[in-house]
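The values are calculated or read from the model by the stated rules, or taken from the named source; none is laboratory data. From a predicted model like this one, the values you see are computed outputs, not experimental measurements. Here the Cβ positions follow ideal geometry from the backbone for every residue, glycine too, while neighbour counts run over all protein chains shown. Please note that ligands, DNA and RNA were not included when accessible areas were found on the heavy atoms of the full protein model with its side chains. Shrake-Rupley method; radii C 1.70, N 1.55, O 1.52, S 1.80 Å.
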Amino acid sequence: MEAELHSDPLPLAGKYLWDIFTRLHNRRSSGGFGVSPITWPDIDAFTRLTRCALSPWEIEVIEDCDAAFLAAVSKRDAESETRTSGEAPGD
């Protein structure tokens with residue numbers, strides 16, 4: 001998994017979207033079933049409170065970052081479950 005974390009540097013032009021994503025990510029909720037996605041109300045509250053108007057494509061990029069994060073967490077949890085149960089992947 002650590003090798004997957006290494007990638008090309010983030011283009012400077014997109015850094016502000018990554019910063020917004022990380023701010024929202026750091027305030028996300030979680031329930032009994034794991035990490036929750038960033039919600040529309042979260043994004044709405046962020047834009048209102050920070051007076052940061054986001055265009056639809058910028059919101060989509062933030063949603064894509066969140067989807068990638070949730071997929072990575074799900075994969076990590078599945079791999080951890082497999083190691084814990086002693087089953088081979090795919091069994």
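Between ARG51 and ALA67, full extension at 0.36 nm per residue minus the direct alpha carbon distance yields a gain of 3.3 nm.
In region 3-69, with Lys and Arg counted as +1 and Asp and Glu as -1 at Cβ, which of these residues, GLY14, GLY34, CYS52, has the Cα nearest the positive end of the dipole, that is, farthest along it? Toward the positive end, the furthest listed residue is CYS52.
Tell me the accessible surface of ASP77 in square angstrom (1.4 angstrom probe, heavy atoms of protein chains only), to the nearest ten. Answer for ASP77: close to 80 Å² accessible. When ARG28, ARG48, ARG23 are compared by accessible surface with a 1.4 Å probe, the order from highest to lowest is ARG48, ARG23, ARG28.
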